[in-house]
Amino acid sequence: MLDNIFMENNRIQILYIEDNKIDQMAFCDMVKTEELPYDYELAGSIKEAKELLSSKTYDVIFSDFLLGDGTAFDILDLKLEIPTIIATSAGNPTVAVKLMKNGASDYLLKDITRDHLKVLPITIETVLKNKKIAEQLKLLSMVASETDNSVVISDKAGKIEWVNDGFTRLTGYALKEVKGANADIYRNVEFTPGSPIYETLIIQKKPFTYQAKKQSKSNIPYWAKSYLTPVLNNTGEVEKLISIDVDITDLKRIQQQLTKSLTKERELNELKSRFVSMASHEFRTPLATILSSAALIKEYNKPEQEENRLKHINRIFSSIKNLTDILNAFLSLGKLEEGKVYTNVEAFDIVDLLSEITEGIQMTAKTGQKILYVHKGDAMEVSLDKNIMQNIINNLLNNAVKYSPENKPIELTTDIVNSEILISVKDYGIGIPDKDKPYMFERFFRAHNAVNIQGTGLGLSIVKRYIDLMDGTIDFTSELNKGTIFTVKIPLVENHGKQNATLANSR
């Protein structure tokens, strides 16, 4: 009959307080007849009971309500923390309520045939179980109060019954705010019949562990690893759920930083690998040109051969420029990827800068190619990073020259509108196939119709990164075999450099 929780001490110590000799005898006969594991002592008065209680500890007190020298309230007033069962012949609800409020564990209604003694063993078992559960919960609450982790006790439906200080620190909710509320307020995982957590805890009656990004009362996000455990009653059914949340926000942040660092490292390794592959291909032609031209110059040592000598010297200069452009492109992208590029704002005349750039590129343009530069409006002074602007315009104009045929113009226009500089580069070249347009700003990507034209596939990627660095945008429209228009917008903002230096450092 009795549960295994009593096996550690299979004899229950009972103090029976009763001044009716017949009732005493009935109790003794029941213990003997039923062979109950009770060791008991009898007290015929409140005074005698107090004397026994002052010198000995009992597991249970079973007391009549009304005795010759007092009532059961006198025993309850001792606050002994011993489960106390009261037997009363008065079926008065008011008395029963008062008894329970004063600490009685349970009460039985006495009857002439003393049938209340028949349910006494079950009542004793129940109050001892309740005591043990209460002690365990008290111990749990003591432990839970000392831990930094969040601890929540809820019923099997998920309604919160108790939380510790760790829960309040983590979520911002106090017990009075969440008591009786659904635990979904913090769980952030579906707890309904059929869901994995419900099936594991309620149906399989097994613990469930998960990680989730949650949110505090003040909408501050945090990561928690949750350990949920079902608590079973004596019939093996789930009665309570205990949830322990461990704050793993810092751990997640470190993991994310490591993942980001590993991703960046893989990207840089890929960049270096692709550069080696690209360099082995792109360096071969200009190096061969330099070697052959240098060898031929030796042969052209007569005055009448000056024209041939100059032709090969120019070929050498052009090949060296190609090699320098490739190296500069790689170095620029490498610095951008590592977040080592910072803006340095200065005031300058945009027309003067772009006129100087176009003049330089015009010297290397194809036969009949004219670079036409027009600035709209009267405002010409801007505050930007001059070197970055030079790199952007150089890349866009060089591309226009490279992918346009002879005798076709290249149009460059600038304008300052609403604190923005607008730049447009238009060519009448080979255009970009529709299928390639989404990938034009990716590293090393080259359009399918440009594979036979020398290039690294880095220029537009670098331009995009530089423009991003200055909070700008770049777009383009293109039609195959008719040309391309690149449009750049960069905001002119005070203190622009400091803002973007921080941005660059964070990448």
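Hey, does segment 119-142 have a residue that's more than 27 Å from residue 58 (Cβ to Cβ), open to solvent by 30 Å² or more (accessible area, probe 1.4 Å) and free of Cβ contacts under 8 Å to residues at least 60 places away in the same chain?
no
Can you tell me how many residues in segment 437-453 are open to solvent by 90 Å² or more (accessible area, probe 1.4 Å) and either among the charged types (D, E, K, R) or closer than 16 Å to residue 398 by Cα (or both)?
Let us first name the residues in segment 437-453 that are open to solvent by 90 Å² or more (accessible area, probe 1.4 Å), namely 438-439, 442, 448, 451-452.
Narrowing the set further to residues that are either among the charged types (D, E, K, R) or closer than 16 Å to residue 398 by Cα (or both) leaves 442.
Result for segment 437-453: 1.
Any residue that is more than 22 Å from residue 136 (Cβ to Cβ), β-branched (Val, Ile, Thr) and loosely packed, with under 13 Cβ neighbours inside 10 Å - is there at least one of those in segment 178-197?
Yes, segment 178-197 has at least one match.
If you scan segment 210-236, which residues turn out to be β-branched (Val, Ile, Thr) and exposed (fewer than 13 other Cβ atoms within 10 Å of the Cβ)?
220, 235, listed by residue number.
Of all residues in segment 454-484 being β-branched (Val, Ile, Thr) and open to solvent by less than 50 Å² (accessible area, probe 1.4 Å), which is farthest from residue 417 (Cα to Cα)?
456
Tally the residues that are part of a strand (DSSP E or B), of a type in the set (A, V, I, L, M, F, W, C) and within 27 Å of residue 453 (Cβ to Cβ), restricting the search to segment 360-391.
Residues in segment 360-391 being part of a strand (DSSP E or B), of a type in the set (A, V, I, L, M, F, W, C) and within 27 Å of residue 453 (Cβ to Cβ): 2 in total.
I need the full set of residues from segment 413-436 which are open to solvent by 60 Å² or more (accessible area, probe 1.4 Å) and part of a helix (DSSP H, G or I), in order please.
Selection gives 434, 435.
Answer yes or no: is there a residue in segment 249-260 that is over 14 Å from the mean Cα position of the chain (by Cα), surrounded by 12 or more Cβ atoms within 10 Å (Cβ to Cβ) and more than 17 Å from residue 136 (Cα to Cα).
The answer is no, given that none of the residues of segment 249-260 is over 14 Å from the mean Cα position of the chain (by Cα), surrounded by 12 or more Cβ atoms within 10 Å (Cβ to Cβ) and more than 17 Å from residue 136 (Cα to Cα).
Would you pick out the residues in segment 35-58 that are surrounded by 20 or more Cβ atoms within 10 Å (Cβ to Cβ) and within 16 Å of residue 124 (Cβ to Cβ)?
Hits for segment 35-58 are 38, 58.
Could you count how many residues in segment 384-407 are touching an Asp or Glu at 6+ places or on another chain (Cβ under 7 Å) and more than 18 Å from residue 463 (Cα to Cα)?
Residues that pass the stated criteria total 1.
If I go through segment 72-112 residue by residue, how many of them are in a loop (DSSP other than H, G, I, E, B), open to solvent by less than 40 Å² (accessible area, probe 1.4 Å) and not hydrophobic (A, V, I, L, M, F, W, C)?
Residues in segment 72-112 being in a loop (DSSP other than H, G, I, E, B), open to solvent by less than 40 Å² (accessible area, probe 1.4 Å) and not hydrophobic (A, V, I, L, M, F, W, C): 1 in total.
Can residue 207 be described as open to solvent by 80 Å² or more (accessible area, probe 1.4 Å), modelled with pLDDT of 90 or more and touching a strand residue (DSSP E or B) at 6+ places or on another chain (Cβ under 9 Å)?
Taking the combined requirement at face value, the residue satisfies it.
The values are calculated or read from the model by the stated rules, or taken from the named source; none is laboratory data. Fair warning: this is a prediction, and the values are worked out from it, not measured in the lab. Quick reminder, even Gly has a Cβ in these numbers, built from the backbone with ideal geometry, and neighbours come from all protein chains shown. Please note that ligands, DNA and RNA were not included when accessible areas were found on the heavy atoms of the full protein model with its side chains. Shrake-Rupley method; radii C 1.70, N 1.55, O 1.52, S 1.80 Å.
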